[in-house]
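J.: My questions will all concern the structure given below.
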Amino acid sequence: MRMQSKWTGNSQAMRRGMAVLVTVLAGALVFCQSGVQASSPARGAKSQESSESNGDNAAAQQIFQLTNQEREKNGLPPLAWDDRLAQAAAEHAQLMVEHGELSHQFPGEAPVRDRIAGTNLHFDRSGENVAYDDSAEDVNRGLMNSPPHRANILSPDYNAIGIAAVQKGDLLYVVEDFARRLPDYTAARVEQIIADEVAQVRARHGDDPLAHMEDPGLRAQACEMAQQDRLIASGLKTPKPARYTVSYTATDPAQLPSNAMAPIANPTMRAFSVGACYAKSTSHPNALYWVALTFY
């Protein structure tokens, strides 16, 4: 069969011959996705005879193994299987089957990163490959022969994957959802990580440790910032007047913002409080940590 293809930005759709593929490439909190609508699969006699579609877990696991074999060949660590990514992939794969075409977003459907965020996965990077072909081996071969899809599979920025495969007639529809998965910390654990970082900064400056004052209300106010989708520094409610307040967002709680360094290193400061909340907002649909720091 003569190959046909369509390209828009970082997305690709190719008619069967090798595979039909579409990709989304993504970076940290910056997602590049085209609006390409892939051509509908060519209908063979076999696919016309059957309108039944079934999830094929064995094919998904085979592609998972093939994916990690490709990463091993290229000196990369294996991707961990994530059921939440697989859930997002399965829901989208079913839509592709229902529409009879490849796409990263159908009318009324959320974009890739929002679908992944809806599973409550903690992540800061994501990407997606979609394809159809005759078998799991053919799908993987086609993906690896396409530079943008190969880039997703071999990206060192991802550490987790979820794959869904759905058989319809003679076609195997496949969705691969990638992410850089972050630890699922509790709010208390995040606050302790930040407190430890504050102590380390003080130690590097040769200053006495700051007393860590518990302030449960500060965590609630961090969650309120997420709900309002804006940072609040002045006007935070504290048990006593604070000398300095800092609010910020972060995907890694161990990374303190530059504007927190001055009050932390100030030798006249004696205590601090921290409140943290992991939440999504309109500006941050894939969720991150909202943090409020007060110094006394």
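J.: Calculated FRET efficiency, Leu76 and Met213, Cβ-Cβ r, R0 41 Å, to nearest 0.05?
T.: Computed FRET efficiency for Leu76 and Met213 comes out at 0.40.
J.: Within straight cross-link reach of Lys280, meaning Cα distance under 16 Å, which aspartates and glutamates are found once same-chain residues fewer than 8 apart are removed?
T.: Asp114, Asp124, Asp184, Glu224, Asp229, Asp252
J.: At Ala203 and Gln227, where each label point lies 7 Å from the Cα along Cα→Cβ, what is the point-to-point distance in nanometres?
T.: About 3.8 nm separates the two model spin labels.
J.: While we're on this one: Spin-label point model (7 Å from Cα, Cβ direction): what's the Asp196 to Lys237 distance in nm?
T.: Between Asp196 and Lys237, the label points sit 3.2 nm apart.
J.: So, one more: Kindly state, to the nearest 0.05, the FRET efficiency for Phe106 paired with Asp252, given R0 = 35 Å and r defined as their beta-carbon distance.
T.: Efficiency computed from Cβ-Cβ geometry: 0.55.
FYI, it's all coordinate maths here, none of it is from the lab. All figures in this text were calculated on a predicted structure; none of them were measured in a lab. Neighbour counts run over all protein chains shown; Cβ positions are idealised from the backbone, glycine included.
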